[in-house]
Structures are given as structure tokens and as C-alpha cells.
Amino acid sequence: MPIKALFAVALLSLLPDTGHATNLLYMPFEKVVADAIRAGRLDGSVQFYLAGNQPAGPMRLLVSDVATNKKTNGFNKSDNDACEWVLQSALITLQAAAKKAGANAVTNIVSYYKHHVRKDLNTYECHAGVLMAGVALRGDLVRLQ
């Protein structure tokens, strides 16, 4: 094996396992939603509600338990920046699914990392590592009346 390849293998063996996040963060959800709308990444036509924060008035359930699992490059980003970016990506996916189903809200949103449900009124769960960060969400697509 050439010297460069051996050096690369040795260097990679010193890094933490990139398949597993090293930091678990609980980040404020509404701030990221507002930032995404302000930046134009979300168009504001779909509202997002964490589990326990229900919209007022009647609603019609269109699709239950829609899940998204997003990852982003965490290299050269702070954990906070990577987590906010990957949440925006997950929200963009949920917005597209809602529009396709004729929904105007996603309710009962829970963190769903590795199929483990975590409910919180204000925060989402993010797993950040040396090379990537990940967010998984599950929620219901509804039509608010």
C-alpha cells in the first residue's frame, strides 16, 4: 500500500466514527422557522406546530405520521449553524409534502431520530458530529379551516 494511503487510513482512524453524532443538542424551533421564512427558504404558506402546540380552530387531518430525516455537512460549521441549516432542510421537505397533500399546516411535530420519539413544546433534537449533522422529524399534514 502506498505511503499516502497508509497515512490517510491512520489519520481517519483518529477521527470519531462519522456515522455517529458526537453532540446532542436541543435547539429552539420557532427561531429557525422564522429565520427560514425571512430568508425565503419557506414561503409562509404552511404553518408548523410542535406536538403540544395546536392551532386554534377546526382542522382536518390529511396525512398522519409523515417523516423526514435530513443530514447536512457539518465540516467547518458550528454545531448550532449546522443544526439550524439541517432543520430548515427538513422543514422545506415537510412544506413540499404539505402542499402536495393540500395541507396548510404540519402539526404534532416530534423529533424522530432513529425512530425514537421526543416531544417538546419549544425545541427540536439535533445530532451533530465532526462531519455532519442530522435532524429527523415526524408530523401530521392538516388543513386548517
Exercise. Roughly how many nanometres apart are two label points built 7 Å out from the Cα toward the Cβ at Asn76 and Leu131?
Worked result: 1.6 nm
Exercise. Using a basic spin-label model with each label point 7 Å from the Cα along Cα→Cβ, how many nm lie between Tyr26 and Arg143?
Worked result: 3.7 nm
For this session: List the residues whose amide H sits under 5 Å from the amide H of Phe48, counting only those 5 or more places along or on another chain, with H placed 1.01 Å from N in the peptide plane.
Result: Val106
Exercise. In the range 87-130, what is the volume of the convex hull around the alpha carbon atoms, normalised per residue and reported in Å³?
Worked result: 99 Å³
Exercise. Which Rg and Dmax, in Å, describe the Cα atoms of the range 18-144?
Worked result: 14.0, 45
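Give, as a single signed number, the net charge of other residues whose beta carbon lies under 10 Å from the beta carbon of Val63, with Lys and Arg counted +1 and Asp and Glu -1. List each step's numbers first, then the result.
Working: positive: Lys100; negative: Asp65, Asp140.
Net local charge, Val63 excluded: -1.
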Exercise. Which of the aspartates and glutamates could a cross-linker bridge to Lys31, judged by Cα under 19 Å and excluding same-chain residues fewer than eight apart?
Worked result: Asp43, Asp79, Asp81, Glu84, Asp120, Glu125
Exercise. Using 7 Å Cα-to-Cβ label points, what is the Asp65/Ala101 separation (nm, one decimal)?
Worked result: 1.2 nm
For this session: Compute the long axis of helix 79-101 from its Cα atoms, compare it with the longest principal axis of the Cα atoms of the chain, and write down the angle in degrees, 0 to 90, nearest 10.
Result: 40 degrees
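Where a number appears in this text, it was derived from the coordinates with a stated rule and is not lab data. Predicted model, so just to flag it, every value in this text is computed and none were measured. For neighbour counting, all protein chains shown are included, and Cβ atoms are generated from backbone atoms with ideal geometry for every residue, glycine included.
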